[in-house]
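Structure first, then comments.
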Amino acid sequence: MSKLDILIIGAHADDAEIGMSGTIAKQVAAGHKVGIVDLTEAELSSNGNVKLRKEEAAAASSVLGLSHRSNLGLPDRGLQATSGNIAAVTEVIRLHAPNIVFAPYWEDRHPDHVAASKLVEEAVFNAKLRRYMPDTPSVPAPELYFYFINDWRTPDLLVDVTEFYAIKEQTLLCYRSQFGQAAPGEDIAPTPLNQGYIERVKARDALLGQRKLIPYAEGFAVKSPYLVELFGSASS
Ligand SMILES: [Zn+2]
C-alpha cells in the first residue's frame, strides 16, 4: 500500500489541475503526500492523443511534486457507476488509504465530470465496507470534497492559493494540446478549452478570492457537514 494524505480523482488528466492545482502545490509544500488518479485516458478528446495526454500529465505531476499519479484506463464516456467501475475506484482508494478524497463537483457541462463525481462518491462509501471485496482490506472513510472544473457555485470551503498561483498556471500550460491555440496549419478543433480557458480559470479563482479579499482562492463543495472546532477553553 502506498499511503497518501490526499487523493484527487479526475475523469481526465487536467481536471485536477483546473480545479485545484494551487491547493495541491500548497499541500505538497506543507509536506503532505498528494496523488492524482485519472479515470480515463481521454481517448475521445477532440484534440491531442493518448500518448501526448500522458506526457502532459507527467510534466504537470513533476511541477506539482506529486507522490503518485496513475490512470485507471476506464472508458472515456463510460464512467457510469457500474459495479465494475465502482470496484476499480474502491480498490484505488483502499490502496492509498487517503485521509481526504477530492472528486469533480457534481454539476458540470461535461457529463463525464458528473459521472466521475457519482462514481467516486459510491467508491468512497464502499471503501469502508469490510464485507465488500473482502480480499482488499477496507479503510476508514475519507473526507470527500468536490472541486470545480467548468461549473461552480458559492463554495463551502475556500483555500488561499495566492502564493502558489504561478505553479497552478505552470501546470495548466503543461496541457498544451488542450488549452493551446492552434498554430497555422495545425489540426486543432475549436473547443471551450482553447478559447481563453486558462484566463477564465484565473478569473474564477480571482472571484473566489474576492470573497475573502485575497488575490486567488480555490473553492470546494461538500455534501456532509464540515466538522469544526470553534474555540478552545476560554482564558479568564
Ligand atoms: Zn475533464
**Request:** Looking at (1) without any contact (Cβ under 8 Å) to a residue 60 or more places away in the chain; (2) crowded, with 17+ Cβ neighbours inside 10 Å; (3) not in a loop (DSSP other than H, G, I, E, B), find the lone condition where Leu95 falls short.
**Result:** (1)
**Message:** So, restricting to strands (runs of 3 or more DSSP E) that lie completely within the stretch 134-228, which ones have at least 3 residues that are open to solvent by less than 60 Å² (accessible area, probe 1.4 Å) and free of Cβ contacts under 8 Å to residues at least 60 places away in the same chain?
**Reply:** none
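Listed here are the residues, each with its yes/no results for (1) in a loop (DSSP other than H, G, I, E, B); (2) buried (at least 17 other Cβ atoms within 10 Å of the Cβ); (3) within 16 Å of the ligand (Cβ to nearest atom).
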site	(1), (2), (3)
Lys51	no, no, no
Thr90	no, yes, no
Ala103	no, yes, yes
Leu119	no, yes, yes
**Request:** Kindly provide the set of residues from the stretch 178-228 that are of a type in the set (Gly, Ala, Ser) and more than 17 Å from the chain's Cα centre (by Cα), ordered by number.
**Result:** Gly180, Ala182, Ala183, Gly185, Ala189, Gly196, Ala203, Ala206, Gly209, Ser224
**Asked** Residues Ala42, Ala29, Ala25: which one is without any contact (Cβ under 8 Å) to a residue 60 or more places away in the chain, over 22 Å from Leu95 (Cα atoms) and touching a helix residue (DSSP H, G or I) at 6+ places or on another chain (Cβ under 9 Å)?
**Response** Ala42
**Prompt:** Which number in (1) within 15 Å of the ligand (Cβ to nearest atom); (2) in contact with a Ser or Thr (Cβ under 8 Å, 6 or more places away or on another chain); (3) open to solvent by 10 Å² or more (accessible area, probe 1.4 Å) marks the one condition that Val37 misses?
**Reply:** (3)
**Prompt:** Could you say whether any residue in the stretch 57-65 is closer than 26 Å to Val139 by Cβ, hydrophobic (A, V, I, L, M, F, W, C), in a strand (DSSP E or B) and within 13 Å of the ligand (Cβ to nearest atom)?
**Reply:** no
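The values are calculated or read from the model by the stated rules, or taken from the named source; none is laboratory data. Just so you know, these numbers come straight off a predicted model, no measurement behind them. A quick note on method: Cβ atoms are made from the backbone with ideal geometry, for glycine too, and the neighbour counts reach across all protein chains shown. Protein only, heavy atoms only, side chains kept; ligands, DNA and RNA dropped before computing areas. Shrake-Rupley method; radii C 1.70, N 1.55, O 1.52, S 1.80 Å.
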